[in-house]
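Since the structure comes first, as structure tokens, the remarks are kept for the end.
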Amino acid sequence: MAQRGGSVTTAVKLGPTVFSPVIEAGTLQYLLAFEELEALRWAPLLAPAGIVLINREQLLPVTVQLKQAVYPADGAEALRRRLGPDRVHLIEASRLAQEAGSVKATNVVMLGALSRFMDLPQAHFLSALEVVLPPHVRQINQRAFESGSAIIDTAATT
């Protein structure tokens, strides 16, 4: 769907017992939005202390392109003001991925940023990338992961 302009949603649940892939409103711990409007769309699912990571990219929906709707002018910033700067992190993930060697690594930049909030060693994430990625893209993705992780400490997310 994403290649044709549609929205793609993926839910990942971790825990000793998972009964359903459905995320109930008010229970989402981490929201990774690869586009600003998607962050606004899924924010109601956030838990009271949930963290939002937003790629600073705006993809105009067809309704906006046809002038049947208006893209929120400051949606991500409004979400940040409402939830607080410690819970909403605006990341130039597409730019960082390009700098790492490929815009296709945007998801890995976001994963690197997410790794800073999860109670899992970063080595586990990097090991998983080694296992699932073909050798010719590993170095690009490792750089992308590291830049996503590092950006959480900089003013670029504030």
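One line per residue, one yes/no per condition, for (1) without any contact (Cβ under 8 Å) to a residue 24 or more places away in the chain; (2) of a type in the set (A, V, I, L, M, F, W, C):
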{"site": "Leu28", "(1), (2)": "yes, yes"}
{"site": "Leu31", "(1), (2)": "yes, yes"}
{"site": "Trp42", "(1), (2)": "no, yes"}
{"site": "Leu46", "(1), (2)": "no, yes"}
{"site": "Ile51", "(1), (2)": "no, yes"}
{"site": "Ile54", "(1), (2)": "no, yes"}
{"site": "Glu57", "(1), (2)": "no, no"}
{"site": "Thr63", "(1), (2)": "yes, no"}
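For Thr9, state whether it is β-branched (Val, Ile, Thr) and closer than 26 Å to Ala144 by Cβ.
Answer is yes for this residue.
Hey, could you check the range 43-73 for residues that are surrounded by fewer than 17 Cβ atoms within 10 Å (Cβ to Cβ) and closer than 24 Å to Val103 by Cα and say which is modelled with the highest pLDDT?
Per the stated criteria, the residue is Arg56.
Please give the number of the condition Asp86 fails out of (1) in contact (Cβ under 8 Å) with a residue 12 or more places away in the chain; (2) assigned to a loop (DSSP other than H, G, I, E, B); (3) under 19 Å from the mean Cα position of the chain (by Cα).
The number of the failed condition is (1).
When you go through (1) small (Gly, Ala, Ser); (2) closer than 24 Å to Leu28 by Cα; (3) exposed (fewer than 12 other Cβ atoms within 10 Å of the Cβ); (4) not assigned by TED's automatic domain parsing to the domain that holds Phe34 one by one for Ser127, which number turns out not to apply?
(2)
Tell me, yes or no, whether the range 98-116 has at least one residue that is among the small types (Gly, Ala, Ser), surrounded by 11 or more Cβ atoms within 10 Å (Cβ to Cβ), farther than 16 Å from Leu32 by Cα and free of Cβ contacts under 8 Å to residues at least 12 places away in the same chain.
No, the range 98-116 contains no residue that is among the small types (Gly, Ala, Ser), surrounded by 11 or more Cβ atoms within 10 Å (Cβ to Cβ), farther than 16 Å from Leu32 by Cα and free of Cβ contacts under 8 Å to residues at least 12 places away in the same chain.
Could you figure out which of (1) within 17 Å of Ala144 (Cα to Cα); (2) surrounded by 15 or more Cβ atoms within 10 Å (Cβ to Cβ); (3) of a type outside the set (A, V, I, L, M, F, W, C); (4) in contact with a Gly (Cβ under 9 Å, 6 or more places away or on another chain) isn't true of Arg87?
(1)
Residue under question is Arg80, and the condition is that it be on the phi < 0 side of the Ramachandran plot, surrounded by fewer than 18 Cβ atoms within 10 Å (Cβ to Cβ) and not in a loop (DSSP other than H, G, I, E, B); does it hold?
It is false that Arg80 is on the phi < 0 side of the Ramachandran plot, surrounded by fewer than 18 Cβ atoms within 10 Å (Cβ to Cβ) and not in a loop (DSSP other than H, G, I, E, B).
So, in the range 97-144, of the ones that are of a type in the set (A, V, I, L, M) and outside any helix (DSSP H, G or I), which residue ends up nearest to Ile54 (Cα to Cα)?
Met118
Kindly evaluate Ala93 against the criterion of being within 24 Å of Gly148 (Cα to Cα) and in contact with a helix residue (DSSP H, G or I) (Cβ under 8 Å, 6 or more places away or on another chain).
Yes; evaluated as a whole, the condition is true for this residue.
The values are calculated or read from the model by the stated rules, or taken from the named source; none is laboratory data. Since this is a predicted model, take the numbers as computed values, not measurements. We place every Cβ from the backbone using ideal geometry, glycine too, and count neighbours over all the protein chains shown.
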